[in-house]
Structures are given as structure tokens and as C-alpha cells.
Amino acid sequence: MTRVRRVLGSPWVRRGFVVAAVAAAVVAVVLEREAVGEALRTVSWSYVALALLLSVVNVLLAALSWRSVSAGLGAPLGKRDASVVYLVGQVGKYLPGGVWNLLASAELGSDRGIARRRTVGTMLLAALLSAVVAGATALATLPGVPGTRLEAWWWPALLAPVALLLVHPAVLNRILVTVLHLTRQTPLEERIGGRAVAAATLWSIASWVVVGLQVLVLALAVGAEPGVDLLRLTTGGYALAWLVGTALVFLPAGVGARETVLALALAPVLDAGGILVVVLLSRVLVTAGDLLAAGGALLAVRVAPPGAPGSDGS
């Protein structure tokens, strides 16, 4: 790991890493270009534009959730610096291996005076919190929707608040200590408090609602009936799909697994053709949102580099 960090410290290697990560994201889209092109021909561009905007907002909300965790663990960052560390680092998830986003964010954080182990710790803790919120979202929304075969809605729904107990500061701190110990990292002196956890959780909930709206917009574009049940399926379905994709770390950004789970979630409200259009466009637009957000973060730093008046973005 130390050797990898030394390699990533080279400016040329960093530039190459960004190029490779962006290329991997673009290749993932290009490989589906024919299917995506066909999907775009069946959907109004106004729906696509709105869904893309929601994709960008989703990743920005996730960045704010991580920023709250980082501040709670003694690494406060201005909005510009935080956006670079999180948004640019996240592009690394499109490379196989499941760790490149962590390593990239650790190096970007180190440039801004944050110890690498601290950045890795905050990223892991934010990911855990996001996963718990995603699970709670799926448990609270999917059961009881007609056609889901989860007719006994009440008992899974009751598990949602139980799942949220996992984001109690004492539990999160213990998990972080364990993870750092297993990875042979020096423990952090700070412990995250309730206020930071609450802020991060609220930002995370908002991000899941927004990405659920992205899928809802695309579903409406191919003829789904609007309503609360559709919002429950799109929000809970995407949250569950993200969980499955994230668990399969050997898949770059969960590709394939997320689409399969989301397709199953949408089966009660769309036919096979409509499902294919939605899952393909959702994946492409989420990828585009990641790239646009990362590009915007880099542009903001270039326009107002660290040390310039007002560059902290606090």
C-alpha cells in the first residue's frame, strides 16, 4: 500500500490515473452505444435533461454527506476542497478493483493537509452510513407496493428504523476502529459525534430521494403511471440496486448487478422494453453526472486555486 501511495504521489501518475478512470467510464458507455442510442430515440430530450440534472444533484448531495463525516472526524474542508477530494476521487470507482477511489481521495486529501488514513477512514465511514441509509430506504419503500410480492409490508418496514440504529455514533466509531485495525492503520484520535452523523444521514437520505426521482423521470418518459407507488419503486429499487452493486466490489461501479436489481424492481410498472430503456439511461446519466461533477470541481479549483481569496468555499 505504501508503494502504491508513493507511485500515486507522482503528478504524471495522477494525471494518468484521472485519464484512465475517465476513459473507463466513457468505455462503459460506448460499449452500450447502440442500445443507448435506441433508448434515446424513444425518450424526449426534456426528460433526459431533467434526469441528468438530478444525477448531478445526487452526487453533490453524496459529497455533502461525506463532508459532514469528514468534519466530524476532525478534517473540516471548504466546499471547493471537499468537492475535489470526493468528486474527483469517486471517478476511480470505474476502474476495476474497488479501491482506486479511496486511494485517489487519500492523495487528494493529503494535498490539502489531511492525513491519508484520515481520508480513507472518512470515506469508509461515509460509505457505511450511505449503505445503511440505502438499506433503510429499501425496507421502508418497497414492501407493500402492488406487484412486488412483498404483501406483508409491515414487518420489513419496521426493520427500517432498526437498521438506522447502525448509524449511532458509538456503533460507527467502533466499526471504524475495527476496520483501521484490520487494515493495519493507525487509529484516529477523534470520534464522530451525533451532530455530524445526523447531518451526514440527512444529506444521504436526500441523495437517495433525488436519484429515485431520476429513475422516476425516466420511467414516466417511457409510459409509467405517475404516483406514490412509482416513487417508492424507483427510490427503493435504486437504493437496493446500489447496495447489491457495491457489495460486488470486483465489478467496476457495480455495473451489471445494479441494472439487474433495478430491472426487477421496475417489473411491476413497466414492460421489458421500458425497463431496458430506463436502466440503460439511468446508468449512463449517473456516469455522466459523476464526470460532470468531477469536471466542475476541477474547474472551480483552477478558477480559484487554493490560497486565492474566497477559494475555501466555506
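Every read-out reported here was derived from the displayed coordinates using simple, explicitly stated rules and does not represent laboratory data. Here the structure is a predicted model, which means the values were calculated and not measured. Cβ coordinates were reconstructed from backbone atoms using ideal geometry, including for glycine residues, and neighbour counts include every protein chain displayed.
Put in order of Cβ neighbour count within 10 Å, fewest first, the listed residues K79, K93 become K79, K93. Applying 0.36 nm per residue to the separation of A267 and S46 and subtracting their alpha-carbon distance, the gain on full extension is 77.1 nm.
Taken over region 178-223, the percentage of Cα pairs per 10 Å bin, counting from 0 up to the bin with the maximum distance, is 21, 23, 26, 18, 11, 1. The amide H of L270, built 1.01 Å from its N in the peptide plane, has no neighbour under 5 Å, considering only residues 5 or more places off or on other chains.
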